[in-house]
1. Out of residues 5 or more away from V272 or on other chains, whose amide H comes under 5 Å of its own, with H placed 1.01 Å from N in the peptide plane?
2. Measure out, as a whole number of angstrom, how far apart the alpha-carbon centroids of the stretch 208-260 and the stretch 387-406 sit.
3. Quick check on the chain: helices-only [θ] at 222 nm, where DSSP H runs of length 4 and up contribute -39,500 (n - 2.57) each and the sum goes over total residues. Nearest 500, please.
4. Between 0 and 90 degrees, rounded to the nearest ten: what's the tilt of helix 208-235 against the longest Cα principal axis of the chain?
5. Give the distance, in whole Å, between the Cα centre of the stretch 264-320 and the Cα centre of the stretch 137-184.
6. Averaged per residue, what accessible area in Å² does the chain show with a 1.4 Å probe, protein chains only?
7. Each residue of the stretch 405-416 in order: what ³J(HN,Hα) in whole Hz does its phi give by Karplus 6.51 cos²θ - 1.76 cosθ + 1.60, θ = phi - 60°, with x for Gly and Pro?
8. What ranking, highest mean first, results for peptides 83-89, 406-412 when packing means the other Cβ atoms within 10 Å averaged over each residue?
Amino acid sequence: MSPTMREQAFSNAWLMVTVVFIVHLGVWLFAWSDKALYYFLMLFIWRYARFIINFYAFFLYEPAAPPADKKTLTYTPSKDVTVILPTVDPEGDDFLECILTCAQNSPACIIIVTAGNELLAKTQSAVNPIRAQFPSVEFIVACTQVASKRRQVARAIPMVKTSIIVLLDDHVFWKPTFLPSLLLPFEDPTVGIVGTNKSVRRVPGLSPWGRFWNHLGAIYLIRHNFEIRATNTIDGGVFVVSARTCGLRASIMQDPAFLHAYTHDTCLFGLVGPLNCSDDNFNTRWCVAHGWRIKIQYTPDSEIETVVGATEPIMKKFLGQCRRWARTTWRSNATSLLTDSTVWATQPYTVYSVFLTSFTNFALITDSLLIHLLRSSECFGTRGLVYLIGWIIVTKMVKVFPYYWKYPRDVWMFPGYLAFAYAHSFIKFWAMLTWWDAHWSGRNLGAIKVAGLSLGRKERRKTVTTIVNLVEVLGRIDKAIPSLCRTIEVEAEKATGTSLLLPLGTVA
């Protein structure tokens, strides 16, 4: 981070501290001697100020609009876009529909990268009929000898000859007007990465149990839509630009420094990794750290459709995805705040609204505490408790209202959604305890064999190595603490001329 950015980061941090102090002072004067009311109001403001601000910002959002004369557009799909599509399931129905909807957008090139020679042959067979159907689109099929999304994407990046790269997951479906809409934000030369709004396909023929999990998947992404549209409106920040589909400038991804960091991404001082999952968090952090603006293109044309919560075994797969997403949140948000820190300078509101609050957002704990503190305050009354519970329910309904408005027959599942929202606190807590687990839960990569060794065995070896490394670093920290304390003491003596640390047994 440059000195100017560092100075801006410190200024923003002090501004946040000042705001917190002013809020504390106002609440303290209001509550006076009622400690329960003081803590209730502080927790309420911390939890819900961002909801009120985000709700307002959601309606202030403006997408990148096409110019009056479309002939002045810099980028067009057929000339400027290469799509990179990593897959390990080339025979699946989702993959075939995915690549078909992609080809209908007429990009210049589609690069499909799979893992291993066996899947390479199957991918070629699946792509050939579509290649014949779209002769104007160049299709390239390649493979790696490692079943790793990052390695597969990295394999394709040097092949790109266009100025824009669009990353696409193999279970995502586009509208025919998708790419023209996605390209509009790139008319601004300061925009480096573009994300879009997402929806989940309601799979027909599911049992009521299956419909419930499918509906949870849909709500999960709708909540994300709300957050990224709001925060991107306020300060240009987002918690992540989803790699289900996103656009980046080729100059960013073809930078040798990016390619190396992308395939050697680690956390905890290099002891956990290289990471395979969390590639979209890496892309987002890299662009922010290197001065590129983020734009969320939230329009009907740019909306992607995907499948979540509908693949057997439905509950196990969806909960596995939730654990992976939650672990990624702990790792990536901590990295953004502590290791890179650029967000403190460029996205101060997102730091509060997303990164800091993600560490305290345990709905079961915070809502229970709010109710307990209100009941313990001198201002407690039955009417106030009813208002509080009503407020909690309304705020949980607002973000997901578009789904129930579109599918009113699913309203009966709303109580189940509330129950899951509180149960998710346990998932998040477990993810906090196992944040170092970076395997790709939700997809059976262990069944894929490349280079004579199943990925499952590789992942188990990696997990054992990670645990050993964690034990080693804790030992190093324990040994380093006495030396560090002595260094601080020496420096303090030099600065002040007196000893600031008393010897053991000395009484001040």
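1. C267
2. When both Cα centres are located, 22 Å separates them.
3. Mean residue ellipticity, 222 nm, calculated: -18000 deg cm²/dmol.
4. Approximately 70 degrees, to the nearest 10.
5. The distance from the Cα centre of the stretch 264-320 to that of the stretch 137-184 comes to 15 Å.
6. Counting only protein heavy atoms, the per-residue value for the chain is 49 Å².
7. Per residue, the Karplus-derived 3J(HN,Hα) values read 5, 6, 10, x, 5, 9, 4, 4, 8, 4, x, x Hz.
8. Highest mean packing first, the order is 83-89, 406-412.
The values are calculated or read from the model by the stated rules, or taken from the named source; none is laboratory data. This structure is a prediction, so every number in the text was calculated from the model and none was measured. Methodologically, a virtual Cβ is constructed for each residue, glycine included, from the backbone with ideal geometry; neighbour enumeration extends over all protein chains shown. Please note that ligands, DNA and RNA were not included when accessible areas were found on the heavy atoms of the full protein model with its side chains. Shrake-Rupley method; radii C 1.70, N 1.55, O 1.52, S 1.80 Å.
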